[in-house]
Structure formats: C-alpha cells, structure tokens
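Encoded as structure tokens, the structure appears first; notes follow it.
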Amino acid sequence: MHQINRLAIVGGSHGNELTGVYLVKKFQKSPSLINRSSFETLALLGNLKAIAEGRRYIDKDLNRCFHHQGLQDPTLATYEDLRAKEIQQFLQPPNQPFVDSIIDLHTTTANMGLTLILGNMHPLLLQLAAYLSSINPLVKVCSHQQARTSGFLRFMCELGLVIEVGAVAQGVLNAELFQQTEQLIYAVLDYFEGYNQGKIPQTSNTLKLYESIGVIDYPRNEAGEIEAMIHPQLQFQDYQPLNPGDPIFLTFAGKEIFYEGESTVYPVFINEAAYYEKGIAMHITQKQLLHID
Ligand SMILES: [Zn+2]
C-alpha cells in the first residue's frame with residue numbers, strides 16, 4: 001500500500017441502524033467534515049429502500065450481497081442484489097481507480113462499545129486499530145476470518161473496516177454513541193491523512209484482538225423455536241470472560257443452561273436482535289495480544 005487515494009464511508013447498509021444513516025446524511029450536507037487534503041472521501045447510503053421503511057432489509061441482507069459471483073449474475077434481481085451492483089459502481093467505477101478503503105457503519109443491540117471489525121489482517125489496518133484503541137479505551141478490535149465469497153461490503157477494497165457501535169436499539173438514535181462514532185471516523189480519516197503524508201502517529205506495538213472462533217445459537221425445539229433467553233448474568237457482558245460452567249441461557253421455565261466449552265472465551269454480539277433469524281445468540285472470540293511492527 002503506497003497511498004490512499006479514495007475512501008468510502010457507507011451508512012445504512014442495514015436500514016434500521018440509524019447512527020450510520022444520519023452520519024452519512026450529515027457528511028453529504030457538509031463534505032468539508034470528511035475531506036482531507038491527500039485523498040477523496042465519498043459518503044453514501046447503503047440500503048435506500050430499507051432506510052425509507054426503517055427495516056434492516058427488504059428481501060435479503062445487503063451486507064451479504066457483495067460477492068464477486070453474485071455481482072456478475074444478471075439473474076439475481078432482488079432489491080438488495082440490484083442495490084449491491086449500484087454500490088459496486090461507486091466503489092469500483094469503470095475506468096477509474098477503485099476505493100482503497102471502506103468504513104462501513106453499523107450499530108448493534110449488543111453492548112459492544114466502539115468496535116472495529118477488520119476486513120483482513122493488512123498491516124496498515126492493524127496499525128490503525130492499535131492507534132485507535134490506544135487513544136480511546138472504548139475502542140475494541142475484532143477480527144472475523146471469513147471467505148471473500150461471504151459477500152460482506154468490507155471485502156470490496158484493500159482496507160475494509162466496520163465500525164459496529166452499541167448497545168443501541170434498532171430504529172433508535174443515541175446522541176452519545178452518535179458523537180463517539182463521528183469522532184472515531186474523523187480519527188480514521190486523520191490517521192490515513194498522516195499515513196499519506198508520511199507522518200504516522202506513534203502507536204503502541206501491541207494490539208488486543210478478539211478473534212471470532214464460532215457462534216452459539218439459542219437452544220431450539222424441533223420446530224426451530226427458541227427455548228431459552230440470554231442469561232441475565234450474560235446480558236450486556238460483551239468482551240467479558242465466559243468460563244466453562246458459567247450460566248449462558250435461561251429457559252422460559254427458569255432453568256439455567258451453562259457454557260460447556262473447554263476454555264475461557266469472550267462473547268460478543270450477545271443478544272443482537274438481527275441475529276435471531278440467523279441462528280446466532282452470540283459470537284465467541286479468543287483474546288490475543290498481537291505484536292505489530
Ligand atoms: Zn448492521
């Protein structure tokens with residue numbers, strides 16, 4: 001990576017995650033907020049129809065539609081398939097350079113503070129993440145190794161980054177989290193500006209990274225219906241250690257269900273509203289200290 005020339009900020013990939021929607025609208029009204037001298041910044045809204053309707057999506061999750069094969073496939077024609085192709089034209093315009101970086105703005109009903117999800121382990125992303133977590137203790141860094149074919153927007157460039165902020169309910173704005181997200185975006189832009197100008201801020205050379213190693217679903221009956229809830233002791237405890245034998249679910253009859261893993265893990269996305277339909281009660285991560293140069 002020699003220089004960042006174009007960067008895109010995307011809000012409202014999920015139409016009911018309002019922080020990103022209203023931040024992008026703000027940036028579109030006042031582009032000077034996100035302009036930096038050494039690169040171009042685009043601000044665009046993701047799922048326009050879902051934003052208008054206050055829903056996560058219309059036919060399918062837009063943030064699973066950005067796989068190479070699907071983008072080339074003319075038979076895929078749901079609203080989200082078509083919108084993904086339009087967004088691709090912004091990010092990868094014909095006869096023009098592609099965007100080097102995407103900041104994809106999301107919110108979660110889980111208590112994840114200001115979480116960065118790295119699109120890959122590019123050294124510059126790791127340095128950026130180490131810098132941001134050193135200047136702001138609310139910043140946590142996750143990685144989630146997934147196939148490029150999984151269709152996430154963050155894979156559409158070399159330096160893809162998700163900012164996942166919570167806890168905030170779907171369809172709701174939280175002023176404090178809105179402002180914290182906004183400041184985090186400016187810090188990313190300023191970091192890239194410094195990088196382009198050969199003035200990278202001093203960073204700690206270790207990064208605390210939470211790597212997703214799997215997901216846990218709710219206990220379900222044969223019809224697929226949920227039979228238990230997140231245990232009250234686990235609710236909002238994202239990034240806290242979960243030990244074998246700790247309570248994890250509570251059935252409707254009040255029976256506790258305990259974590260049966262073999263080692264301590266660090267759950268995130270605990271009780272994320274949008275993941276009930278995906279069969280995910282939480283992601284579990286391993287915490288590691290990464291040495292970066
Ligand atoms: Zn989202």
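The values are calculated or read from the model by the stated rules, or taken from the named source; none is laboratory data. Computed from a predicted model, the values in this text were never measured in an experiment. All Cβ positions, glycine included, derive from the backbone under ideal geometry; neighbour counts span all protein chains shown. Side chains are part of the model used for accessible areas, which takes the heavy atoms of the whole protein and leaves out ligands, DNA and RNA. Shrake-Rupley method; radii C 1.70, N 1.55, O 1.52, S 1.80 Å.
So what is the orientation-averaged projected area of the range 213-283, using the convex hull of its C-alpha atoms, in nm²?
Over all viewing directions, the range 213-283 projects a mean Cα-hull area of 4.7 nm².
How large is the accessible surface of Ile257 in square angstrom, using a 1.4 angstrom probe and rounding to the nearest 10?
Accessible area, nearest 10 Å²: 50 Å².
Roughly how tilted is helix 18-29, in degrees to the nearest 10 and between 0 and 90, from the longest Cα axis of the chain?
The answer is roughly 10 degrees.
Provide Phe252, Phe258 ordered by accessible surface of protein heavy atoms (probe 1.4 Å), highest first.
Result of the area sort, largest leading: Phe252, Phe258.
Once the principal axes of the Cα atoms of the range 126-171 are found, what is the range along each, listed largest first in whole angstroms?
33, 33, 15
Is the shape of the range 95-233 rounded, prolate or oblate, going by the alpha carbon gyration tensor and its root eigenvalues a ≥ b ≥ c, with a/c under 1.5 for rounded and a/b larger than b/c for prolate?
Note, shape of the range 95-233 comes out prolate.
How large is the charge dipole for the range 213-283, taken about the Cα centre, if only the Cβ atoms of Lys, Arg (+1) and Asp, Glu (-1) carry charge, to the nearest 20 debye?
My answer is approximately 100 debye.
For Glu227 and Gln92 in one chain, what is 0.36 nm times their gap in residues minus the Cα-Cα distance, to one decimal in nm?
Answer, rounded to one decimal: 44.1 nm.
What number, rounded to the nearest 500 deg cm²/dmol, is the helix-based mean residue ellipticity at 222 nm of the chain, given -39500 (n - 2.57) per DSSP H run of at least four residues and division by all its residues?
-7500 deg cm²/dmol
Using only Cα atoms, tell me the angle between helix 123-135 and the longest principal axis of the chain; keep it within 0 to 90° and round to the nearest 10.
Approximately 70 degrees, to the nearest ten.
Based on the Cβ-Cβ distance of Ser32 and Asn205, what FRET efficiency does E = 1/(1 + (r/R0)^6) give at R0 = 41 Å, to the nearest 0.05? Each step should come with its number before you reach the end.
Numbers: r = 34 Å, r/R0 = 0.83.
Computed FRET efficiency for Ser32 and Asn205: 0.75.
Give me the 1.4 Å probe accessible area per residue for the range 213-283, excluding ligands and nucleic acids, in Å².
It amounts to 52 Å² per residue over the range 213-283.
Mind checking the full-extension length gain between Asp190 and Gln3? Use 0.36 nm per residue of separation minus the Cα-Cα distance, one decimal, nm.
Full-extension gain reported as 65.9 nm.
Just by accessible area at a 1.4 angstrom probe, what is the order of Asp238, Asp246, Asp59 from largest to smallest?
Order by accessible area, largest first: Asp59, Asp246, Asp238.
Compute the label zone of Gln72 within the range 155-178: residues whose backbone N is under 18 Å from the point 7 Å along Cα-to-Cβ.
155-157
Beyond 32 Å, what percent of the Cα pairs of the chain remain?
When every Cα pair of the chain is considered, 26 percent fall beyond 32 Å.
In whole percent, how big is the carbon plus sulfur part of the accessible area of the chain, probe 1.4 Å, protein atoms only?
51
What is the distance in Å between the Cα centres of the range 184-202 and the range 205-239?
34
Using a 10 Å cut-off on Cβ atoms, rank the peptides 201-213, 70-82 from the highest mean neighbour count down. Numbers along the way, then the final one.
Numbers: 201-213: 16.4, 70-82: 13.9.
Descending packing order for the listed peptides: 201-213, 70-82.
Helix 79-91 against the longest principal axis of the chain: what's the angle in degrees, Cα atoms only, rounded to the nearest 10?
The helix 79-91 is inclined about 40 degrees to the chain.
At 0.36 nm per residue, and after removing the present C-alpha to C-alpha distance, how many nm does the segment from Ile135 to Phe236 gain when stretched out fully?
Value of the extension gain: 34.0 nm.
With a 1.4 Å probe and every protein chain left in place, work out the accessible area per residue of the range 6-204 in Å², rounded to a whole number.
40
For the chain, build the charge dipole from Cβ charges (+1 Lys, Arg; -1 Asp, Glu) around the Cα centre, then report which of Pro97, Ile213, Asn136 sits farthest towards its positive end.
It is Pro97, whose Cα lies furthest towards the positive end.
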